[in-house]
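The structure under discussion is supplied below as structure tokens; questions concerning it will follow.
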Amino acid sequence: MANLAERWVEEQAALTKPDKIYWVQGTEEEMRRLIEIGINQEKTGANPTFSELNQEVFANSYYHRSHPTDVARTEHLTFVCTPKKEDAGPNNNWMEPKEAKQMVSKLFDGCMRGRTLYVIPYMMGNPESPYAKPCIQITDSIYVVVSMYIMTRAGKKVLERIDASGRFVKGLHSIGDLDPDRRYIMHFPQDDLVMSVGSGYGGNALLGKKCFSLRIASYQGYREGWLAEHMIIMGVEEKKSGETMYILGAFPSACGKTNLAMIEPVLKGYTVTTLGDDIAWINVSADGRLYAINPEAGFFGVAPGTSEKTNPQMLRTLKSGRFYPTLFTNTGLDLDTNAPWWEGLTDKAPAHLLDWQGNPWDSASGKVAAHPNSRFTVSAYNCPILSKEFDNPKGVPISAILFGGRRSDTVPLVCESFDWNHGVFKASSLGSETTSAAAGQVGIVRRDPMAMLPFCGYNMADYFRHWMNVGSRLKDPPKIFFVNWFKRDAQGLFIWPGFRENFRIIKWMMDRVKGTVPAKETPIGFMPNYADLDLSGLDIPQSTFDRLCEVNPGEWQKEIRGIEEFYGQFGDRLPQELIKQLMELKRHFS
Ligand code: OXD
Ligand code: MN
């Protein structure tokens, strides 16, 4: 009798009707072969799926150009299909599961005719970890197969794990005809199932990432008592003591999360190691502490703005090519060197450049050469500062959690919450100006609780309660901090220098965790004293610091109105504790 995985694959093949079925083994030699096919035969729109890049500049790297309408996550086409609409919550688009399956099944019907159906068994998390989860993705895109090979632990060994556990997360994917009108990313949390059609873009098509490791996994975590979060994991070692503190950080997409995960400390005496740049699975261990693992095995990062200055470790990672190939998608292409190029990589653009759509780029046009959401896909194992704990099955113990957003005003540079529930309140009302990582208008403030608004696979009111329940199980809860690197002055210029200098704030947070510095109590939380922030070598006088840390009553009254409006949509389901916290804040500013 066919096993569980085979049976499911047969059913999907009966629906999608491919010419061939290919089970991915997960070997390097196999990926070379698939890349070759992508170079010579397989097309994405009018372009070959891959072309080889200059191996001297970026070793083992390949270029991919997507369909021009398929460049970002499409939140309006992303659905959470729970039997009851209230369980998906106002934070998700909803469709009744049976209806949703019927609708997308029509799009999947025969969509792989003349094509190959690839079966990718993969693991999210180190297979040795009790927290890791086995999965299978079906796809008809070689770009997706190679990307999954980089981003997850893929290979046939996972099938043994599926046989043993009798459970796996299923992902059915087809690029379909790439028509945005026939594009749907459907999640079925009750069935551990994702069906995605019409897009090859990472966040829509690498189903282990946002679809499973955040949307489906957040629901699993809700049921099972853990958290799946949109967070980086970093280790900061103090050389003098030899001690490492592990920190989580949540930021909405394209707010410098990856740069922070690999920050080169501007202060002497510290080393930063990276464990993850996007997703953390967080469990309460027997000792009452939070431990985090990164379920992914690679980085799918925004290229523009990545440079020797902003993220030298990422550039080293991208140039390594040591263990896995690296992909560049929708960047510009330097015709003289055959290397990818993007805005910010060098001060001056190359003389002969193709833009992300393959047209000669004209510097006078005012247009960008690389798409603002152009991406690299690179293995974490290629990263020179990958933490030696990266594969620790238990994960790493967490001492601090940091939340951030992109705000021109209102939110100060750094603020520590009074306690866990106050931190949950502040994180639940986090606002951020939108970026190009998702389709839609850029630069307007939207509430993005825990930076999870596009990724929470169930009603966020229940999610907030779940956060508080997890906190109540902790013996030694991590401190929760809020940062805003993006405050602007009256001329619209950033006040804080950002990038490497952000480490000064990390250092203050570590001092607070250790209890070695006092702080000022304000209505919104604890804030640093000027004297306790190490600003040595920076020209930041007290007056600038005061602007960075300003809590302006008028701005906060507006903020409170924004929070009230956001909370309103959750009705009675919103935990009373959050309403209490909001009332308390309001009292201070009325
Ligand atoms: C991402 C995102 O790709 O958050 O990580 O959009
Ligand atoms: Mn992300």
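So, in the range 361-374, how many residues would count as being within 12 Å of residue 305 (Cβ to Cβ) and among the charged types (D, E, K, R)?
Of the range 361-374, the ones within 12 Å of residue 305 (Cβ to Cβ) are 368, 370, 372-374.
Keeping just the survivors that are among the charged types (D, E, K, R) gives none.
Final tally of qualifying residues: 0.
Could I ask something else about it? Hey, which of the strands (runs of 3 or more DSSP E) in the range 132-247, taking only ones fully inside, have at least 1 residues that are open to solvent by 10 Å² or more (accessible area, probe 1.4 Å), within 26 Å of residue 393 (Cα to Cα) and away from ligand 2 (no atom under 16 Å from the Cβ)?
Working: elements: 133-139, 169-174, 184-188, 193-197, 227-229, 231-238.
Those strands (runs of 3 or more DSSP E) span 133-139, 169-174, 193-197, 231-238.
Conditions (1) out of contact with any Asp or Glu (no Cβ under 8 Å at 6 or more places or on another chain); (2) at pLDDT 95 or above; (3) over 22 Å from residue 6 (Cα atoms), marked per residue:
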{"site": "88", "(1), (2), (3)": "yes, yes, yes"}
{"site": "91", "(1), (2), (3)": "yes, yes, yes"}
{"site": "96", "(1), (2), (3)": "yes, yes, yes"}
{"site": "99", "(1), (2), (3)": "yes, yes, yes"}
{"site": "106", "(1), (2), (3)": "yes, yes, yes"}
{"site": "113", "(1), (2), (3)": "no, yes, no"}
{"site": "116", "(1), (2), (3)": "no, yes, no"}
{"site": "120", "(1), (2), (3)": "yes, yes, no"}
{"site": "126", "(1), (2), (3)": "no, yes, yes"}
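Right, next: Among the candidates 369, 400, single out the residue that is of a type outside the set (D, E, K, R), open to solvent by less than 50 Å² (accessible area, probe 1.4 Å) and free of Cβ contacts under 8 Å to residues at least 40 places away in the same chain.
Working: 400 fails: free of Cβ contacts under 8 Å to residues at least 40 places away in the same chain.
Going through 369, 400 in turn, the sole match is 369.
Hey, another quick one. Need pairs with beta-carbon distance below 7 Å; first residue within 16 Å of ligand 1 (Cβ to nearest atom) and among the aliphatic types (A, V, I, L, M) and within the range 278-294, second assigned to a loop (DSSP other than H, G, I, E, B) and modelled with pLDDT of 95 or more; sequence gap 6+ or separate chains.
Close Cβ pairs (under 7 Å, with a partner that is assigned to a loop (DSSP other than H, G, I, E, B) and modelled with pLDDT of 95 or more) amount to 279/230; 279/294; 279/295; 279/296; 280/294.
When both residues are 6+ apart or on different chains and their Cβ atoms are under 7 Å apart, which pairs have a first residue that lies in the range 521-534 and is open to solvent by 60 Å² or more (accessible area, probe 1.4 Å), and a second that is not β-branched (Val, Ile, Thr) and not in a strand (DSSP E or B)?
Matching pairs, first to second residue: 530/542; 530/545.
Residues in the range 66-76 that are open to solvent by less than 30 Å² (accessible area, probe 1.4 Å) and within 30 Å of residue 320 (Cα to Cα): how many? Quick ask: steps written out before the conclusion?
The initial filter retains those residues of the range 66-76 that are open to solvent by less than 30 Å² (accessible area, probe 1.4 Å), namely 66, 70-74.
Next, only the ones that are within 30 Å of residue 320 (Cα to Cα) stay: 66, 70-73.
The qualifying residues number 5.
Condition check ((1) closer than 20 Å to residue 210 by Cα; (2) at pLDDT below 95; (3) part of a helix (DSSP H, G or I)) across all residues:
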site: 392; (1), (2), (3): no, no, no
site: 423; (1), (2), (3): no, no, yes
site: 432; (1), (2), (3): yes, yes, no
site: 457; (1), (2), (3): yes, no, no
site: 464; (1), (2), (3): yes, no, yes
site: 468; (1), (2), (3): no, no, yes
site: 471; (1), (2), (3): no, no, yes
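Condition test on residue 260, is it more than 15 Å from ligand 1 (Cβ to nearest atom), among the aliphatic types (A, V, I, L, M), closer than 23 Å to residue 477 by Cβ and open to solvent by less than 10 Å² (accessible area, probe 1.4 Å)?
no
Another one. May I ask you to list the residues in the range 1-27 that are in contact (Cβ under 8 Å) with a residue 24 or more places away in the chain and part of a helix (DSSP H, G or I)? Talk me through it step by step, then tell me what you get.
Taking the range 1-27 as the starting set, the residues that turn out to be in contact (Cβ under 8 Å) with a residue 24 or more places away in the chain are 3-5, 8-9, 12-13, 15-27.
Answer for the range 1-27, where residues must be in contact (Cβ under 8 Å) with a residue 24 or more places away in the chain and part of a helix (DSSP H, G or I): 4, 5, 8, 9, 12, 13, 15, 16.
For the range 276-300, which residues satisfy the criterion of being of a type in the set (Gly, Ala, Ser) and crowded, with 24+ Cβ neighbours inside 10 Å?
First, the residues of the range 276-300 that are of a type in the set (Gly, Ala, Ser): 276, 280, 285-286, 288, 292, 297-298.
Those that are of a type in the set (Gly, Ala, Ser) and crowded, with 24+ Cβ neighbours inside 10 Å: 276, 280, 292, 297, 298.
Any residue at all in the range 499-508 that is at pLDDT below 95 and in a helix (DSSP H, G or I)? Before you say what the answer is, go through the steps one by one.
Restricting attention to the range 499-508, the residues satisfying the condition of being at pLDDT below 95 are 499-500.
Checking the rest, the ones that are also in a helix (DSSP H, G or I) come to 499-500.
Yes.
Go through the range 477-498 and give me each residue that's closer than 25 Å to residue 443 by Cα, assigned to a strand (DSSP E or B) and either charged (D, E, K, R) or in contact (Cβ under 8 Å) with a residue 12 or more places away in the chain (or both).
So in the range 477-498, the residues closer than 25 Å to residue 443 by Cα come out as 481-498.
Narrowing further to those that are assigned to a strand (DSSP E or B): 481-483, 488, 494.
Within the range 477-498, 481, 482, 483, 488 qualify.
Considering 35, 21, which residue is open to solvent by 40 Å² or more (accessible area, probe 1.4 Å) and hydrophobic (A, V, I, L, M, F, W, C)?
Working: 35 fails: open to solvent by 40 Å² or more (accessible area, probe 1.4 Å).
That would be 21, the only listed residue that is open to solvent by 40 Å² or more (accessible area, probe 1.4 Å) and hydrophobic (A, V, I, L, M, F, W, C).
Would you confirm whether or not the range 77-89 contains a residue that is surrounded by 23 or more Cβ atoms within 10 Å (Cβ to Cβ) and without any contact (Cβ under 8 Å) to a residue 60 or more places away in the chain?
Within the range 77-89, none of the residues are surrounded by 23 or more Cβ atoms within 10 Å (Cβ to Cβ) and without any contact (Cβ under 8 Å) to a residue 60 or more places away in the chain.
Can I ask one more? Select from the range 179-233 the residues that are more than 22 Å from residue 68 (Cα to Cα), among the aromatic types (Phe, Trp, Tyr) and either touching a Pro at 6+ places or on another chain (Cβ under 7 Å) or within 16 Å of ligand 1 (Cβ to nearest atom) (or both) and list them in ascending order.
Scanning the range 179-233 gives 188, 212, 219.
When the residues of the range 150-172 are filtered to those that are closer than 16 Å to residue 213 by Cα and not aliphatic (A, V, I, L, M), which remaining residue is modelled with the lowest pLDDT?
Within the range 150-172, the match that is modelled with the lowest pLDDT is 167.
Determine, yes or no, whether residue 511 is part of a helix (DSSP H, G or I) and either free of Cβ contacts under 8 Å to residues at least 60 places away in the same chain or open to solvent by 70 Å² or more (accessible area, probe 1.4 Å) (or both). So that I can check it myself, show each step before the final result.
Details: part of a helix (DSSP H, G or I): yes; either free of Cβ contacts under 8 Å to residues at least 60 places away in the same chain or open to solvent by 70 Å² or more (accessible area, probe 1.4 Å) (or both): yes.
So residue 511 passes the test.
Restricted to the range 266-277, and to residues that are of a type in the set (A, V, I, L, M, F, W, C) and assigned to a loop (DSSP other than H, G, I, E, B), which residue is nearest to ligand 1 (Cβ to nearest atom)? So that I can check it myself, show each step before the final result.
The first filter runs over the range 266-277 and keeps only residues of a type in the set (A, V, I, L, M, F, W, C), leaving 266-267, 272, 275.
Still in the running and assigned to a loop (DSSP other than H, G, I, E, B): 266-267.
Values: 266: 25, 267: 28 Å.
Top of the filtered list is 266.
If you don't mind, there's one more thing I want to ask. Can residue 584 be described as of a type outside the set (Gly, Ala, Ser) and surrounded by fewer than 16 Cβ atoms within 10 Å (Cβ to Cβ)? Break it down stepwise before answering.
On the way: of a type outside the set (Gly, Ala, Ser): yes; surrounded by fewer than 16 Cβ atoms within 10 Å (Cβ to Cβ): yes.
Considered against the rule, which asks whether it is of a type outside the set (Gly, Ala, Ser) and surrounded by fewer than 16 Cβ atoms within 10 Å (Cβ to Cβ), residue 584 comes out as yes.
Cβ-Cβ below 9 Å, separation at least six or inter-chain, first residue in the range 233-258 and among the polar types (S, T, N, Q), second away from ligand 1 (no atom under 16 Å from the Cβ) and not in a strand (DSSP E or B): which pairs?
What qualifies is 244/387; 244/389.
Still on this structure, please answer the following. Provide a single number: the residues in the range 283-339 that are assigned to a loop (DSSP other than H, G, I, E, B), small (Gly, Ala, Ser) and under 29 Å from residue 29 (Cα atoms). Before the answer, list the steps.
Taking the range 283-339 first, the residues assigned to a loop (DSSP other than H, G, I, E, B) are 285-289, 294-297, 303-311, 321-325, 330-331, 335-338.
If we keep only those that are small (Gly, Ala, Ser) as well, we get 285-286, 288, 297, 303, 305, 307, 321.
Filter again for under 29 Å from residue 29 (Cα atoms), leaving 297, 303, 321.
Total meeting the criteria: 3.
Oh, and also: Pairs needed: first member in the range 150-172, under 11 Å from residue 122 (Cα atoms); second member anywhere, open to solvent by 40 Å² or more (accessible area, probe 1.4 Å) and hydrophobic (A, V, I, L, M, F, W, C); C-beta distance under 8 Å; at least 6 residues apart or different chains.
Pairs found: 156/23; 162/4; 168/4.
The values are calculated or read from the model by the stated rules, or taken from the named source; none is laboratory data. Predicted model, so just to flag it, every value in this text is computed and none were measured. When we count neighbours, we look across all protein chains shown, and the Cβ atoms used for this are built from the backbone with ideal geometry, even at glycine. In case anyone asks, the SASA skips ligands and DNA or RNA and just uses the protein heavy atoms, side chains included. Shrake-Rupley method; radii C 1.70, N 1.55, O 1.52, S 1.80 Å.
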